[in-house]
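The values are calculated or read from the model by the stated rules, or taken from the named source; none is laboratory data. Treat the numbers as computed from the prediction; the structure is a model and nothing was measured. Heads up, the Cβs are rebuilt from the backbone with ideal geometry, glycines too, and the neighbour counts pull from every protein chain shown. To get the accessible areas, we keep the full protein, side chains included, count just its heavy atoms, and leave off ligands, DNA and RNA. Shrake-Rupley method; radii C 1.70, N 1.55, O 1.52, S 1.80 Å.
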Amino acid sequence: MRVSCFPKFRLGRILGMMQIVLGVLVIIVSVSSLFRFYSAGFFMHNEDICKQFYGVKDVYEGFDVMSLTARVNEVLDKMLSLQEKLESTVQGLEKTKDLAITNVSMLEYKRFIEEEVIQPLYSAHISLRQIRLPTVENGTTNEDPFINAFVTEEVRKYITPKENRVGKKNIYGSEKIYNSIGHGCVSVKKELQVYMDYDIGSFCKDDWNVAQSLMIKGCDPLPRRRCLTRASKLYQKPYPINESLWRIPDGRNVRWSNYACRNFECLSSKNPKRGYSKCTDCFEMEKEKLKWVTNTSFPTDILIKDALGVKPGEIRIGLDFGIGTGTFAARMREHNVTIVTTALNLGAPFNEMIALRGLIPLYVTLNQRLPFFDNTMDLIHTTGFMDGWIDLQLMDFILFDWDRILRPGGLLWVDRFFCNRKDLDDYMYMFLQFRYKKHRWAISPKSKDEVFLSALLEKPPRSL
């Protein structure tokens, strides 16, 4: 018979004692949390405060009660889970009265204590210590926004306001800098915390696709990270500007690990497994060269020379809002017009392609306000992205943002916008509500049930 490692103590008795200790810890955590609330001044004896804490409002005088409650509950849930594990283990051991029969070695016992007891207790301890109660100044509560919504320390450090070192107002006229994140980050906090879990100063994970997914889900802007971005191991010098505009870039300059394809040749429209469905010809330069410079059979098409002829010499800078590889910007560059091109990497390296052609990609989603000042753009061009799938209210916010950055006399070029025929009146109203001057307005059938709309519109002065 095997000699027991613990001749004087049964494992079940030890685990039973741990249960008692854990129960005491749960009581201490609960009492400690209540005491911290009390010492912070939140247990005021009147009915209004009770209503604030019990579901009438989530935020009380700047204090996010719901986030703090969720964090406390998270700690208690971890400790309850640990208690249930211990209870289950004890019940299993009760069926085997003799410890020697269970064949529990010292190494197994040590591993059990470390993984099933110490680590969960440590996790609960850290979560409890990270709870940050708001300060109370002159009867008013002040809490850092979102601070109790996240567990990962790097996220918490990022969103904590940074006070100026000299104790004075900075160049912006404020005493603190608030690093911003999108409010949608709270709804995807687990994914965000995985994204922000890295070693400071080391190489980042190759997870730009995770970042883009977070942005699309409303976690936009994303927090900055303090790790080094990976580049292609075979990175080569880009082609000179006189070649790069109309030449497929060197595929060695792209990290292909998160794409269906592994080179630019694979992105051909002839390949059904290319990994993307929008702008199928975008990576074929021979087809791209024909866009906006040659007449087509579509009556809704507008050529660049005709658009620039409306305001000769006045169009200098602009924004191309759509899906593409920068061909519109490349053609406008030939007319000495600088165009910033918005892009998301929806299944293919659109941003990399635009940059390697020597053009400017702007990595933004529909979720955010455009990072340009009021009345600054001469031209906004849109094609292939914001079509009949878009919610009317969302489109309204986007169009008003475009109107904000477009200067008086600037041009809005709506290029082949398509929608269902029965929805056309609604979308026409969206564009016409601003009372822009019509230089071109054309509608043509796309299919039996869908239509194309193209327009070239000029923003009025509005000098109030």
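Structure above, values below:
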quantity	calculated
Region 443-458 - residue that is open to solvent by 60 Å² or more (accessible area, probe 1.4 Å) and touching a strand residue (DSSP E or B) at 6+ places or on another chain (Cβ under 9 Å) and, of those, nearest to residue 313 (Cα to Cα)	443
Residue 382, sole failed condition from (1) under 14 Å from residue 453 (Cβ atoms); (2) of a type in the set (S, T, N, Q); (3) free of Cβ contacts under 8 Å to residues at least 12 places away in the same chain	(3)
Condition check for residue 216: β-branched (Val, Ile, Thr) and closer than 25 Å to residue 355 by Cα	yes
Region 262-275 residues that are within 16 Å of residue 286 (Cβ to Cβ) and open to solvent by 30 Å² or more (accessible area, probe 1.4 Å), paired with ones that are among the β-branched types (Val, Ile, Thr) and modelled with pLDDT of 90 or more (beta carbon under 9 Å, 6 or more apart)	265/248
Qualifying residue in region 217-226 (condition: closer than 28 Å to residue 325 by Cα and open to solvent by 60 Å² or more (accessible area, probe 1.4 Å))	yes
1 or more residues more than 24 Å from residue 308 (Cα to Cα): qualifying strands (runs of 3 or more DSSP E) within region 374-463	406-420, 437-445, 450-458
Which listed residue is loosely packed, with under 15 Cβ neighbours inside 10 Å, of a type outside the set (Val, Ile, Thr) and within 28 Å of residue 335 (Cα to Cα), from 361, 371, 349	371
Unique residue being among the basic types (Lys, Arg) and either at pLDDT 95 or above or loosely packed, with under 13 Cβ neighbours inside 10 Å (or both) when the list is 440, 416	440
Flag if residue 407 is among the basic types (Lys, Arg), open to solvent by less than 60 Å² (accessible area, probe 1.4 Å) and touching a strand residue (DSSP E or B) at 6+ places or on another chain (Cβ under 8 Å)	yes
